[in-house]
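The values are calculated or read from the model by the stated rules, or taken from the named source; none is laboratory data. On a predicted model such as this, the values are computed, not experimentally measured, just so you know. Here the Cβ is made from the backbone with ideal geometry for all residues, glycine too, and neighbour counts use every protein chain on show. Note: areas computed on protein heavy atoms with side chains; ligands, DNA, RNA excluded. Shrake-Rupley method; radii C 1.70, N 1.55, O 1.52, S 1.80 Å.
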Amino acid sequence: MRIGFCSPSCLKSCFSMPQPRVLVLRAPGTNCDVETAHAFELAGAVAERVHVGRLMENAALASRYQILCLPGGFSYGDDIAAGRILATRMRRHLGDLMHHFVDSGDNLVLGICNGMQVLMRLGVLTSGVGQLQTAGGPAESADDSVPPATLTWNNHGRFEDRWVNLAVDKTPCVFLRDIEQMYLPMAHAEGKFIARDAEVLEELRSAGRLALRYCEPSGEIQSETLPFPINPNGGDANVAGVCDASGRVFGLMPHPERHIDATQHPFWTRRKEQPEHGEGLQMFRNAVEWFA
Ligand SMILES: NC(=O)CC[C@H](N)C(=O)O
């Protein structure tokens, strides 16, 4: 527990709540692991940064943790496609680890930016959608070669790094409880969410799994794909974050760990009243409170 930077209310929550343990997974090219671990600690968790190589040597390490977090960065240099190599290594070598976090009824998984890209490539954010019901038989994938949804290059083909407005839909997502809107930084090149077809999009939407969406500063979302720069990448339905059916597994492209302190807000010196914390901190608190 890091108490050096805590406010009185934060200290109170640190001492009164059980402290979940967070595994912040590092890989070559990860660059947001320190800030992400700090955000979890500020929210009252115990966070440890663990290299993927250490887990491949000893996958049983996972049983020490209740939350898996894949932080942002450029894992394996974004080679082939962002998140592809880390996802492939995890699928090949860390099946039990994913089972421990995704399939247990209590544990949580959070993927931030590059972490969301990994979760999308693993298929855990779109699991259960895009299935065909065969007569009398089990559900089959409509087309195994095409995933239900993916993240691809921003419409303008460049890395985009700035702040965005986000609105929370009615959703089972544990991390977004009691949050309606957030103002967070984004920083990605491959963040455009596209669904395979309209049915997949509708299936995700009706289950509340398109949990976080780019919106206008007022919080409104007036069209299916808002124009640039409101929607920074041109993704379907303005999607910025997706959760699984249980709400315990969540991936988002913006960076909540970069707005945990009020002074990280770009206009903080011009505000009349300072909020106690940045708008991203509640996501980490919600994760800690899940275990209370
Ligand atoms: N901030 C990040 O995690 C970057 C994600 C990824 N490397 C991209 O550019 O799309």
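A few comments on the model shown:
- Here the strands (runs of 3 or more DSSP E) wholly within the stretch 112-158 that include at least 2 residues being away from the ligand (no atom under 11 Å from the Cβ), modelled with pLDDT under 95 and in contact with an Asp or Glu (Cβ under 9 Å, 6 or more places away or on another chain) are 131-133.
- Tally, over the stretch 1-60, of residues that are open to solvent by 10 Å² or more (accessible area, probe 1.4 Å), among the aliphatic types (A, V, I, L, M), modelled with pLDDT of 95 or more and in a loop (DSSP other than H, G, I, E, B): 0
- Count of the stretch 260-270 residues which are touching a residue at least 12 places away in the same chain (Cβ under 8 Å), open to solvent by 30 Å² or more (accessible area, probe 1.4 Å) and assigned to a loop (DSSP other than H, G, I, E, B): 2
- All positions within the stretch 75-111 that are near the ligand (Cβ under 10 Å from one of its atoms) and either open to solvent by less than 10 Å² (accessible area, probe 1.4 Å) or in contact with a Ser or Thr (Cβ under 9 Å, 6 or more places away or on another chain) (or both): S75, A81, A82, G83, G111
- Residues of the stretch 161-180 satisfying the condition of being touching a residue at least 40 places away in the same chain (Cβ under 8 Å), part of a strand (DSSP E or B) and open to solvent by 40 Å² or more (accessible area, probe 1.4 Å): R162, W163
- Some residue of the stretch 181-201 being open to solvent by 10 Å² or more (accessible area, probe 1.4 Å), in contact (Cβ under 8 Å) with a residue 12 or more places away in the chain, part of a helix (DSSP H, G or I) and in contact with an Asp or Glu (Cβ under 8 Å, 6 or more places away or on another chain): yes
- In the stretch 202-259, the residues that are open to solvent by 10 Å² or more (accessible area, probe 1.4 Å), charged (D, E, K, R) and in a helix (DSSP H, G or I): E202, E203, R205, D236, R258
- Of all residue pairs spaced 6 or more apart or on separate chains, those with beta-carbon atoms under 7 Å, a first member in the stretch 239-253 that is closer than 10 Å to P172 by Cβ and a second member that is among the β-branched types (V, I, T) are C243/T171; C243/V249; D244/V124; G247/T171; G247/V174; R248/V109; R248/V174.
- Only a single criterion out of (1) under 17 Å from L125 (Cβ atoms); (2) at pLDDT below 95 is not satisfied by L212, namely (2).
Residue-by-condition table, conditions (1) out of contact with any helix residue (DSSP H, G or I) (no Cβ under 9 Å at 6 or more places or on another chain); (2) in contact (Cβ under 8 Å) with a residue 12 or more places away in the chain; (3) within 16 Å of the ligand (Cβ to nearest atom):
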site	(1), (2), (3)
P20	no, yes, no
L23	no, yes, no
N31	no, yes, yes
T36	no, yes, yes
G44	no, yes, no
R49	no, yes, yes
G53	yes, no, no
A59	no, yes, no
